[in-house]
Each structure stands twice: as C-alpha cells, then as structure tokens.
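The values are calculated or read from the model by the stated rules, or taken from the named source; none is laboratory data. Since the model is a prediction, treat every value here as computed from it, not as a measurement. Note that we place each Cβ from the backbone using ideal geometry, even for glycine, and neighbour counts take in every protein chain shown.
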Amino acid sequence: MSILRIVSYNIHKGRSAIGSRESLSQLRLGLYGLHPDLLFLQEVQGRNERQNILHAQHESLGAALDMDYCYGCNAIRAQTDHGNALLSRYDILSYENQDISDHKLEQRGLLHATIMVDDTQVHCLVVHLGLFAGGRTRQIMALVERIKRMVPADAPMIIAGDFNDWTNRLAPLFVQQLGLYEVFAVSPQGLATRSMPLHHTVKRLGRTLRSRSGLADSVHELGINGLARMTPPPRTFPSAFPWLRLDRIYQRGFAVRKARVLHGLPWRQLSDHSPIFAELELP
C-alpha cells in the first residue's frame, strides 16, 4: 500500500494574483510544506528571457523540492513560453506532450507521463483546457482517445489540472468513458459510510453508472455510497474570492483518503487559482 500526496495548481506563471509580483520564491516554500509526491502544475514558464528568476520554473521547483520533473511547452511568445509540468517524487519513466489546441488564439496541450510506484505503473496527465465549451469538448475527446489507445484499461491513472469547466459538464463523460472519478465526489470526508478501501467501490459504481442509460448526463458524480451526489466540486477561482469551479483531480484505481482546497494565506497571494490537495491510496 502506498499513500500519494497530490497537488494540482495553476501557478499563474509564478506571479501573484494581485499586482503581478513575482511569487515563485514563496510558492516553493508553500509547496515544500505540503510534502507532495506529485505536482500537476499549469501555466508554468519554461522560458523567460525578461526575468531570470522566472525562467525554467519546473526546474527550479524540482531542484528545491528534490523531485523529478517534465515539462510540456504549449504557448510560445517572443521572450517567454509556458505550459504544463509534472513534478514527481518517483522517477518519471517516460512522457509526451500532445498539442490539443482548438484554435490559434489558445495554445493548449496535455502532458502524459508514467511513473512507477512500488511495482505499479501509474499514468499521470496534466491538462489545461480552453475557455470555450465546444473547444473543451473536443479537447476532452482527444484526451479520451489517447487514454484508450495508450493506457491499459486496468492501469491506475490521475488526470489533474485547470479544466475551465465551471458548469461541471465534463464529469459524466469521464465516468462513462474512462471510469474516472473526481476526488471530492468519492472523498470519505463528511459522508456517513465506510471510507476504506474505495477502489473496489469505485469500480463497481462505474459499471452501475454505465449500465443506466442517460443517468450520467443528469448527475455531477456518484458518491461512494452509490447514490448520485449533486454537490459540484469546490470553487477555486479567483483565489481571493473563490467563485468558479475550474480545477479538478480525477482518478481511477485509488482510494481517496482526503481532498481539500487550500484557501487563505499564503495561497491567495501566490496565484489567481487556489491549489487542490488530495491523498490517494494505491492498494
């Protein structure tokens, strides 16, 4: 049994939400205090020729946290570029960045990496979807196609990032197509039911949902007691006064021990998004 501490965070290119000041130094300290095993990061600058302190952010965070890292460059500017990054306490065995841009005005990608946890290969995907609903749907279909083609059906998997899905319309698709569950939907916190282990329950719920035609279109997710949970994921944006539900961690093959959004100081000063933290148990 392995416990993984997961963080998904849009770091706003290492700049604070208010005043656009450099926040990468404080960000390192904040993340260090969480003792993460996996960091799914969005809006990471791989290149900044104007401010050296903001250059190669995945490398500086990896060095400070003693984590392996990989980076997928998506948006290229004259003096900067940015994209998604995965930082891992475990060795990253392989990775690939796939361009899923829907139009020229928004460069988007999904970063797909594999790590080995004990003797189990875990697939990790970092995403940052577009601002328009039609584009997000097409990007998710590209994600689904990649997973069906490259990830074994029984392999543990984590997909995390900024989904820009404030209406939560994409959740049923994840359940139906991939058997993935958003961590807050299956977290034992606040639910009057047994909390461990959840991985068998989650698999059973996926089969139940797929067998009921149309049910997934009318619910946000399923709870661990097998009932539809209409409560959507928590609000994460903007970090100072969270209102929109943009960020997610989806998983399969794990038991969810806890899930929470990190509000308050220092997080509301570091980025325009609040980070999501989850503890996942790999049986």
Practice item. Might you let me know whether the stretch 14-21 holds any residue that is surrounded by 23 or more Cβ atoms within 10 Å (Cβ to Cβ) and over 22 Å from residue 142 (Cβ atoms)? Key: yes
Exercise for review: Find the residue count for the stretch 265-283, including only residues that are among the β-branched types (Val, Ile, Thr) and not in a strand (DSSP E or B).
Suggested key: 0
Point to revise | Only one of 146, 169 that is within 22 Å of residue 254 (Cα to Cα) and of a type in the set (Lys, Arg) | key: 146
Practice item. Would you mind stating whether residue 77 is buried (at least 20 other Cβ atoms within 10 Å of the Cβ) and more than 21 Å from residue 252 (Cβ to Cβ)? Key: no
Exercise for review: Please list, ordered by first then second residue, the pairs with beta carbon atoms under 6 Å, 6 or more apart or interchain, first in the stretch 78-101 and closer than 16 Å to residue 41 by Cβ, second part of a loop (DSSP other than H, G, I, E, B) and not basic (Lys, Arg).
Suggested key: 87/67; 88/67; 89/37; 89/67
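Each row is one residue, and each column tells you yes or no for (1) at pLDDT below 95; (2) touching a Phe, Trp or Tyr at 6+ places or on another chain (Cβ under 6 Å); (3) among the hydrophobic types (A, V, I, L, M, F, W, C).
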{"site": "204", "(1), (2), (3)": "yes, no, no"}
{"site": "213", "(1), (2), (3)": "yes, no, no"}
{"site": "234", "(1), (2), (3)": "yes, no, no"}
{"site": "247", "(1), (2), (3)": "no, no, no"}
{"site": "266", "(1), (2), (3)": "yes, no, no"}
{"site": "275", "(1), (2), (3)": "no, yes, no"}
{"site": "279", "(1), (2), (3)": "no, no, no"}
Point to revise | the stretch 158-184, residues that are in contact with a Ser or Thr (Cβ under 9 Å, 6 or more places away or on another chain) and either part of a helix (DSSP H, G or I) or aromatic (Phe, Trp, Tyr) (or both) | key: 172, 173, 184
**Study point:** Of all residues in the stretch 118-139 being surrounded by 18 or more Cβ atoms within 10 Å (Cβ to Cβ) and touching a strand residue (DSSP E or B) at 6+ places or on another chain (Cβ under 6 Å), the one that is modelled with the lowest pLDDT
**Key:** 130
Revision key, fill the gap. Within the stretch 41-67, of all residues that are free of Cβ contacts under 8 Å to residues at least 60 places away in the same chain and at positive phi, the one surrounded by the most Cβ atoms within 10 Å (Cβ to Cβ) is 56
Review point. Which of the residues spanning the stretch 31-40 are surrounded by fewer than 20 Cβ atoms within 10 Å (Cβ to Cβ) and either without any contact (Cβ under 8 Å) to a residue 24 or more places away in the chain or in a helix (DSSP H, G or I) (or both)?
Key: 32, 33, 34
Exercise for review: Look at residue 71 and say whether it is buried (at least 20 other Cβ atoms within 10 Å of the Cβ), of a type in the set (Phe, Trp, Tyr), touching a strand residue (DSSP E or B) at 6+ places or on another chain (Cβ under 8 Å) and closer than 23 Å to residue 261 by Cβ.
Suggested key: no
Practice item. Name the one entry in 101, 94, 88, 60 that is at pLDDT below 90 and small (Gly, Ala, Ser). Key: 101
Practice item. Kindly check whether there is at least one residue in the stretch 186-193 that is within 16 Å of the chain's Cα centre (by Cα) and modelled with pLDDT under 95. Key: yes
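For every residue, the table says whether it meets (1) touching a helix residue (DSSP H, G or I) at 6+ places or on another chain (Cβ under 9 Å); (2) in contact (Cβ under 8 Å) with a residue 24 or more places away in the chain.
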| position | (1), (2) |
| --- | --- |
| 126 | no, yes |
| 138 | no, yes |
| 144 | yes, yes |
| 152 | no, no |
| 155 | no, yes |
| 159 | yes, yes |
| 166 | no, yes |
Revision key, fill the gap. Residue 242 passes all but one of the listed conditions (1) part of a loop (DSSP other than H, G, I, E, B); (2) buried (at least 23 other Cβ atoms within 10 Å of the Cβ); (3) at pLDDT 85 or above; the exception is number (2)
Practice item. Filter the stretch 254-264 down to the residues that are at pLDDT below 95 and in a loop (DSSP other than H, G, I, E, B), then identify the one that is farthest from the chain's Cα centre (by Cα). Key: 264
